[in-house]
Every structure is written in C-alpha cells, then in structure tokens.
Amino acid sequence: MAVLIVAGLDTGGGAGIKADIETVSALGEHPLPILTAVTYQNPERVSGYFPLPAEALRDQIRAVRGHFDIKAVKVGMLGSGGIAKVVAKETEDLTRVFDPVMASSTGERLIDDIGSLKVLVKGSIVTPNVPEAEALSGLKIHSLEDMRESARIIAQTLKAEAVIVKGGHLNLTDVLYWNGEFFEFPGERVDGFTHGTGCAFSSALAAFLAKGLELPEAVERAKRFVEGAIRFSKAEAKAVNPLWEFQRDAHRWRAREELERAVQELVKFGEKLNPHVPEVGTNFALATALGEVFAVKGRIVRYGKTVKPVGPIELNASDHLRRALLKMREFYPEVRAVLNLRYSGKLVERAERLGFVVSFYDRREEPEEVKRAERGTMEWGIETAVRRAGKRPDVIYHLGDWGKEPMILIFGRDAREVVERVRVLLSPSPR
Ligand SMILES: Cc1ncc(COP(=O)(O)OP(=O)(O)O)c(N)n1
Ligand SMILES: Cc1ncsc1CCOP(=O)(O)O
C-alpha cells in the first residue's frame, strides 16, 4: 500500500525523508517521497536549509496522486509557510499524520513561519513532542495532566482529527486525544540515539494506518517500533535505525554461524586447551554489529583430557564476557569477540612476546562503591585496563581476589581472530 511522505532531507542520514522512507519500507508499505527542503545537517547541527518552491510541492504530489492508491500521508518538515499551504490543500482528503517539526533536536529552526503549521494541523492526526505541543496549544507542560489538556486544546481550537502528545522529553508516556477520549501509552527507557524519533514515529503511524489499524492500535505499534529503532540505533549517524528488525535478524543469523564455526575450531585444540580452562569454565562471546551478544550456553568445560561446549550458541548466554565485550566496544567498537582462559604468568608472558597489547586490572584497587554495587566490577576492570594500555588491548588479565579466580580475556575483531590468537598462544614457542 502506498504511503505519501512529505518531508525534508537530512544530509546526516539520521532524520527526515530518509528515515521516513526506511520506516515505511521496513513496515512493508510503499513510500512515495515528496521533498520539501534540503537541510545542511550533521548529527551535531543544522547549518541551514533550502526550501523548494511551493509549486514544486504541488507538482510532485500531483504526479503521484492520480497514479497510486494512497492509503495515508505523513507530513514532516515543511520549511516554508508557502509549502505548508500547498501541502494542506493537496492532501486534505487523505488520512494525514502530521509531525509539526519546528526545530531540529539540536535546536535550529526548520520552518520560516511557525504559525503556518496550523493550516496542516486542521484535519490531521498531529504528533507533537512537548515543546511543539506547548507552541501549538500555548500551554506550559509539566505533567501528564498538562499533556492531556494541551492535546485537547490543539484538537478543539485547531480542529485536529486527533492529537498525540509524545512524552519522550518528560515521562516517556504518550497521550492520545481522539473522538473526545484520552488514551495513554506508557513507554520504557531505552538506551540509544534518539535523533529522528519524531520522523520514525509519525511515518510508522502512517504505515500502520495504511494497513487499516484503528488509531490506538496504530499508535501502540508505532511506539514499540520506535523503541526498537532507538535500542538498535546507528552509532555512525547518532540516530534511530528504522531498519533494525531486518538488520537485527540478519546480524543474529550471521553471528550465530560465525561463533558456531569458531567454537568447533576451538574444540579441536582439545588436550592443549584443557589445562587452560578455568574452574568456572571458558566462554566465548561474539557481539553483532547492533550490540547483541551470543555465547555458549553452559560454557566450555574440561571433559576428560579434552574440552566440550556444554550447550548451544545462544543470545545472552554469557553474563561476564558480555559485559566485558560491551564495555570494550564503548572504546573500540570494532572489537566483537572475547574468550576467557585460566590465568597463567607463562601465557601472559607469551602474549607479550608475541607482540599482543596486554593490559590488566587489579581487583584490590576496585573503588568501594563499585565493589558494593551488585554488578560493575567487570566494567570497571575493562575500563581501567583500556585506559592503562592507552591503545586497544588484545589481552586483559586480572590476578583474582578473595573467592575470584584469576583470569585472562582474549579479545578480537571477530571470532576467528580470537581462535587464531588462542592457537598461537597455545603453540609451543619456536626455539
Ligand atoms: C530534514 C529533517 N526533518 C526533521 C528533523 C527533525 O528531526 P529531529 O531533530 O531528530 O527531531 P525528532 O525527529 O527527534 O523529533 C530534522 N532534524 N531534519
Ligand atoms: C566467571 C567469569 N569471569 C570472567 S569470565 C568468566 C566466565 C564466563 O562467564 P560468562 O559465561 O558469564 O560470560
């Protein structure tokens, strides 16, 4: 089903028409992209924008209106009051979701005449964030009650079809006012980049409406879609990732395969590896590009004279190595794999002789507040070792503490690199 997208270009590739096209495509509908303006933008700032002539908007919309069966329209950045008027007129008979973009999240204005947005509010399902709702309703918003009141004012005074005030800036709850009724959509705190969330939310809502969902159900689905887009956001663009679902599944598939093969290779080291498996067992963890971590369920244990993985490769099958890897990736995102071995001075010496970057942490130096917290030792240790090395460490060890076995962690940019590192570490030194 076709969804008309009226929006501006973000040259940083995080928000705007590109995020809308990805969202509508990811949700299985056909995007019809109508460009309003070109912005000169990167994740840090918008240095300017060039709105197209209003007639260019009219002609773009007319080119597709007669040809496609348009089920919904999403309107984002307009750029000029002239464009706002033309878009309002050319789309007035369509189910229209309007994200009243006034400024970028970095603070720069994206429309010459804020008052002109009101022509598009009329008849639209409007999706303002808190500052936009304040500007449209003239009400300061501090609470859920204010959000409701602001939604009601926008619907009644500006004749919106429905209003969704998004609480991302306030309390994570979105409030929908529709047909004289209020609906609430609580959200969960999700870590990740949020640039482009308004664009992804409004285009997801348009796509779900195009599928024929009722408004409250479409809002719920759009909200969950955006939570995923933040959770799997794109570090490079510092923005949401509307393609998260496809990418997540593809990355999961590849990572599982990669780790399965690497574990098979590792197990071939059998008798040589056996004495280096710690009492708690060895695990082998691999992160996907989106930061999910696979490992061996039940770890790899000593088995007679050789070694054996206890269970299959699974997502989140590791706790310690997962946290070590994610911490390392905050400094060096190219590091994707890690494995632990029993500490031995000889192995550390050999790693140094082989030219690996070796660093360490001393659990006795762990600050009291980190010790007291239920979790955090691993994160503190990796950060300490990374800072001590001053460059990307290949190997990090610690000498243990009361009840904690000393350990060596071997990192790599992929699972094969870790296996290769283990292989050379376990090979007899050439004379
Ligand atoms: C071209 C363009 N369109 C829209 C925006 C606004 O996006 P952003 O600043 O990320 O705000 P939210 O999408 O999070 O509401 C933009 N910056 N550029
Ligand atoms: C106990 C322990 N400490 C550092 S690595 C390790 C073993 C692997 O643990 P996990 O399977 O939780 O990653």
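The values are calculated or read from the model by the stated rules, or taken from the named source; none is laboratory data. The model shown is predicted, which means the values in this text are computed figures rather than measured ones. Backbone-built Cβ (ideal geometry, glycine too); neighbour counts: all protein chains shown.
One table, with the values for the structure above:
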{"quantity": "Per-region count, region 220-243, residues within 16 Å of ligand 1 (Cβ to nearest atom) and part of a helix (DSSP H, G or I)", "calculated": "9"}
{"quantity": "Selection count where residues are away from ligand 2 (no atom under 12 Å from the Cβ), in contact with a Gly (Cβ under 8 Å, 6 or more places away or on another chain) and over 18 Å from residue 265 (Cβ atoms), scope region 305-346", "calculated": "3"}
{"quantity": "Pick from region 251-283, criterion of a type in the set (A, V, I, L, M) and crowded, with 18+ Cβ neighbours inside 10 Å, ranking: farthest from residue 300 (Cα to Cα)", "calculated": "255"}
{"quantity": "Residues satisfying the stated conditions in region 153-193, i.e. in a strand (DSSP E or B), surrounded by fewer than 17 Cβ atoms within 10 Å (Cβ to Cβ) and of a type in the set (A, V, I, L, M, F, W, C)", "calculated": "182, 183"}
{"quantity": "From the options 407, 328, residue that is closer than 26 Å to residue 290 by Cα, buried (at least 18 other Cβ atoms within 10 Å of the Cβ) and not assigned by TED's automatic domain parsing to the domain that holds residue 191", "calculated": "328"}
{"quantity": "Residue 273, sole failed condition from (1) closer than 25 Å to residue 379 by Cα; (2) part of a helix (DSSP H, G or I); (3) within 16 Å of ligand 2 (Cβ to nearest atom); (4) not charged (D, E, K, R)", "calculated": "(1)"}
{"quantity": "Region 276-300: number of residues that are within 11 Å of ligand 2 (Cβ to nearest atom) and over 21 Å from the mean Cα position of the chain (by Cα)", "calculated": "14"}
{"quantity": "Subset tally (residues that are in a loop (DSSP other than H, G, I, E, B) and either touching a Ser or Thr at 6+ places or on another chain (Cβ under 9 Å) or within 21 Å of residue 151 (Cβ to Cβ) (or both)) for region 103-119", "calculated": "6"}
{"quantity": "Residues of region 119-159 satisfying the condition of being in contact (Cβ under 8 Å) with a residue 40 or more places away in the chain and more than 24 Å from residue 195 (Cα to Cα)", "calculated": "158"}
{"quantity": "Neighbours by Cβ (under 9 Å, 6+ apart or cross-chain): first from region 41-69, within 17 Å of residue 83 (Cβ to Cβ); second part of a helix (DSSP H, G or I) and of a type in the set (D, E, K, R)", "calculated": "54/85; 57/90; 58/89; 58/90; 61/90; 62/90; 65/90"}
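Per-residue answers, yes or no, for (1) of a type in the set (Gly, Ala, Ser); (2) part of a helix (DSSP H, G or I); (3) away from ligand 1 (no atom under 16 Å from the Cβ); (4) under 24 Å from residue 355 (Cβ atoms):
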site: 375; (1), (2), (3), (4): no, no, yes, no
site: 388; (1), (2), (3), (4): no, yes, yes, yes
site: 392; (1), (2), (3), (4): no, no, yes, yes
site: 396; (1), (2), (3), (4): no, no, yes, yes
site: 411; (1), (2), (3), (4): no, no, yes, yes
site: 419; (1), (2), (3), (4): no, yes, yes, yes
site: 423; (1), (2), (3), (4): no, yes, yes, yes
